[in-house]
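What follows is one structure encoded as structure tokens, with my remarks underneath.
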């Protein structure tokens, strides 16, 4: 029985890290070709405090109709990564569209978007 439970338990724990790795790896590959970089709009949906810290703010943003946390849409190595902290501090609910460039990655039924750069 242990031989069945342990591998399943390990896969459940490791799965989110593995899926992030493959999505990010694919996004880096797609970003090498300019045809895969999409120009779109981003606007702030919600700004809120992290439950464990009064100083740490989280942001939910809408990218062309889909809502993401800003923690999930940046990849080190993309130009946006270095600008993320400053950009998040300047984001305003009253601005309806920040011009961005992003990469869309899809595997089966799952889709993620990663911001490549600000336009």
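Here are the numbers:
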read-out: Exposure proxy order (Cβ contacts within 10 Å, fewest to most) of 76, 119; value: 76, 119
read-out: Nearest 10 degrees, 0 to 90: helix 79-90 Cα axis against the chain principal axis; value: 60 degrees
read-out: Calculated [θ] (222 nm, deg cm²/dmol) that DSSP helices of n ≥ 4 give over the chain, each run adding -39,500 (n - 2.57); value: -12000 deg cm²/dmol
read-out: Beta bridge orientation in segment 53-119: antiparallel %, DSSP, nearest 5; value: 100 percent
read-out: Full-extension gain in nm, residue 69 to residue 13, via 0.36 nm per residue minus C-alpha separation; value: 18.0 nm
read-out: On Cα atoms only, tilt of 2-31 relative to the major axis of the chain in degrees; value: 30 degrees
read-out: Gain on full stretching of the segment that runs from residue 93 to residue 57 - 0.36 nm per residue minus C-alpha separation; value: 11.5 nm
read-out: Rounded FRET efficiency, nearest 0.05, which uses the C-beta distance separating residue 107 from residue 82 and R0 of 35 Å; value: 0.80
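Readers should treat all values here as calculations from the given coordinates under stated rules, not as data from a laboratory. Being a predicted model, the structure only gives us computed values, none of them experimental. Neighbour counts run over all protein chains shown; Cβ positions are idealised from the backbone, glycine included.
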